[in-house]
Every structure is written in C-alpha cells, then in structure tokens.
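Take a look at the structure below.
The values are calculated or read from the model by the stated rules, or taken from the named source; none is laboratory data. In this text the structure is predicted, and so the values were computed from the model without any measurement. Note: ideal-geometry Cβ built from the backbone for every residue, glycine included; neighbour counts use all protein chains shown. Just the protein is used for accessible areas: all its heavy atoms, side chains included, with ligands, DNA and RNA removed. Shrake-Rupley method; radii C 1.70, N 1.55, O 1.52, S 1.80 Å.
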Amino acid sequence: MPHYSNEDYSKAVRRISRQIGDVVLGVALGSGGAYAFSHIGVLKVLQENNIPIDVICGSSTGALVAALWAAGFTIEEMERIVKWVGRKLSMFPFTGMSLPFKGFLRARRLENIFKSIFKNRTFYDLKHTLRIVAFDFIRRQAKILEEGSLYKAVAASCAMPGMFEPIKFKKDILLDGGVLNPLPTRILLNYGANKIIAVNITPSREEIIKGYGETRKFHILDFIFGSIETMQREFIAQALKLSDVVIHPDFGGVGGWMEFDKAHEFIEKGVEAARQKIEEVKKLVVS
C-alpha cells in the first residue's frame, strides 16, 4: 500500500477541482536519447513557478523522466538518477548481444537498470497521473501503458529498435514509444487534457545541419537513430499543432543524442528553454 502525505492529498483534491472546472493541464515529454535529460530542467522551472501539472506523458527516454516525476522523486533526486543512468548507458558495449539476434543488447539489461530505480512500483503507486507510450510491434500501433509494472513500462518505451531487443510486457512485444509518438500530445488530448505543454527535444533540420558542420565521427546508431528521427518529423509536426505552448531546448554546442554522460549540460539547456517560455505558460494556466 503506497504512503501518501497530506500534501499528496491536497494536490489530488486540487487536481480533481481543476478537472471539475474543465481545466486539465498536460505535459508531453518527447523522445530523443540523452536529449531527454533536458526534460528535468523544464520540470524544475515549472515546479519553481508552481505550475500545476495534472497529467504527464512520456515517450522513449522522455518516459523515464515522466515516470520519475510521477513517482514523486525530487528534481535533485531525478538529476542524480539520470546521471547514474547516463553512466550505465555510456558503458554498454556491443557485446552480450541477444540471440537469436533481435538487438545489440538484451532486454533484461535495460530492465535491470530501471528496476534498480523503480523497484516493484506499479502505476497504482504513483503520486501523479502518468501515461507512457510504447510501440506494439505485432499490431504495428501505439500502446498506451497505464497499469502494471513501472520499470517494465519505462524499459518498453526506451527499447530503441536495433539497439535493444523488444520488451515482453504481459502478452505484448513492445519497442520504443518514439517510433509512432515522438511527442505524445495526442495521448494527453485523448485523456482529457485541454491545455498542453509540449517539450520537443528533436532538433530541427537546420539545427542538425549546423551540428554536422562540426568535425565529428559517426556511429552506427547515429545512422539508425537519424533515420528514425527523419521519419518522425510528420508525427512531430502534427503533435505541435495540438500544443498550446512548445518548449524547445537548443542543444547547440552540448553534444549528440548518445552523449548520456552530459546529463547536467542537457538539464541546464532545459532550464534555459523553460525560462524563456515561462510567462507564456503562466498565461496558459490562468486563461
């Protein structure tokens, strides 16, 4: 049985009151590898300005940050955790491949990382409303996860095709939520959010070209991820149309999507981007 403080109950009452008053604020945290650590910086600014988040939805590594927030971890705890996760992911070699070959790394390696964070928590144990998006490989459609094991749900949403073998979640075979929902604003809309803040961490074409202008060596996963990212552009364009406020960090000069060891720098980029938009967010909340 989860423990709830008086503050938790007060927040729940306020959330219900907002729902009755037809004001439901949702935050969508997009996919993007290590770039997703910037979501913590965004949440930090929203929290500092007392912005009430009624429901949060994350895709891929955005699902990790969304789950941490929904579980009640503090911003400081979240920062320490993603730095630890970043070190773990940076250390992954291309050994221990799954056989038969389904991905460079076995699913249990990804699951073990998240299990060490979330333990045996389920969606029932969360302090805030959370939705996680994964890709249902068999049905070729989005799968919205809202019950069951939290660490399994996060692992499923982060299981990038080719890098990790699929996650078996109950009877489903699931992969990275960013395949069909790189910015899950529609999910929030379908669950009753009528005011949506989207945190889009996918670089624009211009940002990518500028970044590639610098001397760098490409990795096989750069080609895999870059190709998927290109196919996602139409999904992101549609998602942005459903957003009331879009926060888009500028990662210029920080590093690429695989540089998980630069968590602090990405978080600071999220802080900068959110502060630039905070007045717009405040107007959205009171309107």
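Conditions: (1) more than 19 Å from Gly32 (Cα to Cα); (2) under 13 Å from the mean Cα position of the chain (by Cα); (3) among the hydroxyl-bearing types (Ser, Thr, Tyr). Ser157 meets all but one. Number of the miss?
(1)
Scan the range 150-178 for residues that are within 21 Å of Gln232 (Cβ to Cβ) and among the acidic types (Asp, Glu) and report the count. I'd like the intermediate steps shown before the answer.
From the range 150-178, those within 21 Å of Gln232 (Cβ to Cβ) are 153-164, 166-167, 173-178; that's our starting set.
Then drop every residue that is not among the acidic types (Asp, Glu), which leaves 176.
Of the residues in that region, 1 qualify.
Suppose the filter is farther than 30 Å from Asp244 by Cβ, touching a helix residue (DSSP H, G or I) at 6+ places or on another chain (Cβ under 7 Å) and small (Gly, Ala, Ser); does Gly178 pass it? Can you show your working first?
On the way: farther than 30 Å from Asp244 by Cβ: no; touching a helix residue (DSSP H, G or I) at 6+ places or on another chain (Cβ under 7 Å): yes; small (Gly, Ala, Ser): yes.
Criteria not met by Gly178.
Can you spot a residue in the range 252-259 that is over 22 Å from Asp54 (Cα atoms), modelled with pLDDT under 95 and assigned to a helix (DSSP H, G or I)?
No, there is no match, as no residue in the range 252-259 is over 22 Å from Asp54 (Cα atoms), modelled with pLDDT under 95 and assigned to a helix (DSSP H, G or I).
Which one of these is more than 25 Å from Asn112 (Cα to Cα), modelled with pLDDT under 55, of a type outside the set (Val, Ile, Thr) and open to solvent by less than 40 Å² (accessible area, probe 1.4 Å): Ala28, Ala12? Please lay out each step first, then the result.
Numbers: Ala28 fails: modelled with pLDDT under 55.
Being more than 25 Å from Asn112 (Cα to Cα), modelled with pLDDT under 55, of a type outside the set (Val, Ile, Thr) and open to solvent by less than 40 Å² (accessible area, probe 1.4 Å) holds for just one of Ala28, Ala12, which is Ala12.
Please work out which one of (1) in contact with a Pro (Cβ under 9 Å, 6 or more places away or on another chain); (2) modelled with pLDDT of 85 or more; (3) surrounded by fewer than 21 Cβ atoms within 10 Å (Cβ to Cβ); (4) not basic (Lys, Arg) is the condition Gly211 fails and give its number.
Tallying (1) in contact with a Pro (Cβ under 9 Å, 6 or more places away or on another chain); (2) modelled with pLDDT of 85 or more; (3) surrounded by fewer than 21 Cβ atoms within 10 Å (Cβ to Cβ); (4) not basic (Lys, Arg), Gly211 fails exactly one: (2).
Checking the conditions here, which among Ile236, Ile197, Ile224 is at pLDDT below 85, open to solvent by less than 60 Å² (accessible area, probe 1.4 Å) and not in a loop (DSSP other than H, G, I, E, B)? Reasoning before the result, please.
On the way: Ile236 fails: at pLDDT below 85; Ile197 fails: at pLDDT below 85.
Step by step, each of Ile236, Ile197, Ile224 is checked, and only Ile224 is at pLDDT below 85, open to solvent by less than 60 Å² (accessible area, probe 1.4 Å) and not in a loop (DSSP other than H, G, I, E, B).
So which of Val271, Val246, Val281 is over 18 Å from the mean Cα position of the chain (by Cα), in contact (Cβ under 8 Å) with a residue 12 or more places away in the chain and open to solvent by less than 50 Å² (accessible area, probe 1.4 Å)? It would help to see each step written out before you state the result.
On the way: Val271 fails: over 18 Å from the mean Cα position of the chain (by Cα); Val246 fails: over 18 Å from the mean Cα position of the chain (by Cα).
It is Val281.
Being within 13 Å of Ser38 (Cα to Cα) and open to solvent by 10 Å² or more (accessible area, probe 1.4 Å) is the filter here, so list the residues in the range 49-69 that pass it.
Thr61
For the range 164-181, what are the residues that are more than 16 Å from Met231 (Cβ to Cβ) and assigned to a strand (DSSP E or B)? Full working, then the answer.
Here is the first cut: in the range 164-181, the ones more than 16 Å from Met231 (Cβ to Cβ) are 164-174.
Of everything in the range 164-181, those that are more than 16 Å from Met231 (Cβ to Cβ) and assigned to a strand (DSSP E or B) turn out to be Phe164, Ile167, Lys168, Phe169, Asp172, Ile173, Leu174.
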